[in-house]
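Chemist: Dropping a structure here in structure tokens format, bear with me for questions.
The values are calculated or read from the model by the stated rules, or taken from the named source; none is laboratory data. Being a predicted model, the structure only gives us computed values, none of them experimental. Every residue, glycine among them, receives a Cβ derived from its backbone with ideal geometry; neighbour counts consider all protein chains shown.
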Amino acid sequence: MAACPDVLVHCEHGRRCISRSDGRGGAVPIVTHYDSKRLNSPNDVTVAADGAIWFTDPTFGILMPNQGSIVEPDLDHRSVYGFDPATEDLRRMADFEQPNGLFFSPDGRTLYVSDTARSLGEIIGGHEKDTHEIIAFDVAEDGTLSNRRFFLRTDHGYPDGFAVDERGWVWSSSGDGIQIYAPDRTKLGFFPTPSTPANCCFGGKGKKRFFVAATDYLLAIDLE
């Protein structure tokens, strides 16, 4: 889920869509198909500085019994998309094995995307790829991506959701907690969590509170 002015934007495994709500009513689907085919199972979403909605669309929600309904995908690719709410233009920006989390750098010039086919293999008993890494791209003014490159692998497990703070530090989930990296990939720190975290974000006054979510807990950590 991500916040836009006056609305919340959601990823839905069950309805296989991107939806939005104003916090007072039900979520209304705004992206359901690409090229006249149903999306796989949108997993994570973020909003760019220009208001475009970017999201990942892996097959976790239609292949993993604990995350959705088991069905055959309509699409033959797993991708990151950019959606312009004003024009309703949907662009396929890049393909992955299993795109998962995504976030922009503070200046909007770098996009980070985690690719975690390993997590699918652990659930369904194997996958032809073992990707478990975060990839970085340069972002042009029109949103076009270039200079695809490896950014990092976490020390334990795989990077699921993650967040980027105002300094450009990447706070990534991993198998045993949250790992923190500088833009040059230097590891800056780590703190353990009760069980494997799924996602994280900054919030509160001045974004000085860090939230960590898993299937069985929600943590709120004051950073000051």
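Listed here are the residues, each with its yes/no results for (1) over 14 Å from the mean Cα position of the chain (by Cα); (2) surrounded by 13 or more Cβ atoms within 10 Å (Cβ to Cβ); (3) at pLDDT below 95.
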| residue | (1), (2), (3) |
| --- | --- |
| S105 | no, yes, no |
| G125 | yes, no, yes |
| I134 | no, yes, no |
| A140 | yes, no, no |
| N147 | yes, no, no |
| F151 | yes, yes, no |
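Chemist: So, one more: Within the set of pairs 6+ apart or on separate chains, which have a first residue in the stretch 76-91 that is free of Cβ contacts under 8 Å to residues at least 40 places away in the same chain and among the polar types (S, T, N, Q), a second that is in a loop (DSSP other than H, G, I, E, B) and surrounded by fewer than 19 Cβ atoms within 10 Å (Cβ to Cβ), and C-beta atoms under 6 Å apart?
Modeler: No pair meets every condition.
Chemist: Can you pull out the residues in the stretch 194-208 that are assigned to a helix (DSSP H, G or I) and at positive phi?
Modeler: Within the stretch 194-208, G206, K207 qualify.
Chemist: In the stretch 37-56, how many residues are more than 18 Å from D95 (Cβ to Cβ) and outside any strand (DSSP E or B)?
Modeler: 5
Chemist: While we're on this one: Going by what's in this entry, would P42 be described as free of Cβ contacts under 8 Å to residues at least 60 places away in the same chain and either over 27 Å from S173 (Cα atoms) or of a type in the set (D, E) (or both)?
Modeler: Numbers: free of Cβ contacts under 8 Å to residues at least 60 places away in the same chain: yes; either over 27 Å from S173 (Cα atoms) or of a type in the set (D, E) (or both): no.
Against the criterion (free of Cβ contacts under 8 Å to residues at least 60 places away in the same chain and either over 27 Å from S173 (Cα atoms) or of a type in the set (D, E) (or both)), P42 does not qualify.
Chemist: For the stretch 179-193, what are the residues that are free of Cβ contacts under 8 Å to residues at least 40 places away in the same chain and either surrounded by 12 or more Cβ atoms within 10 Å (Cβ to Cβ) or assigned to a strand (DSSP E or B) (or both)?
Modeler: At the first step, the residues of the stretch 179-193 found to be free of Cβ contacts under 8 Å to residues at least 40 places away in the same chain are 179-182, 184-193.
Residues satisfying the conditions are Q179, I180, Y181, A182, R185, K187, L188, G189, F190, F191, P192, T193.
Chemist: Can you pull out every residue in the stretch 190-224 that is over 22 Å from D155 (Cβ atoms), small (G, A, S) and either modelled with pLDDT of 95 or more or touching a strand residue (DSSP E or B) at 6+ places or on another chain (Cβ under 6 Å) (or both)?
Modeler: Within the stretch 190-224, G203, A220 qualify.
Chemist: Okay, next question. Does the stretch 60-73 contain any residue that is touching a residue at least 12 places away in the same chain (Cβ under 8 Å) and touching an Asp or Glu at 6+ places or on another chain (Cβ under 7 Å)?
Modeler: no
Chemist: When you scan the stretch 16-34, how many residues do you find that are surrounded by fewer than 18 Cβ atoms within 10 Å (Cβ to Cβ), in contact (Cβ under 8 Å) with a residue 12 or more places away in the chain and in a loop (DSSP other than H, G, I, E, B)?
Modeler: Total meeting the criteria: 3.
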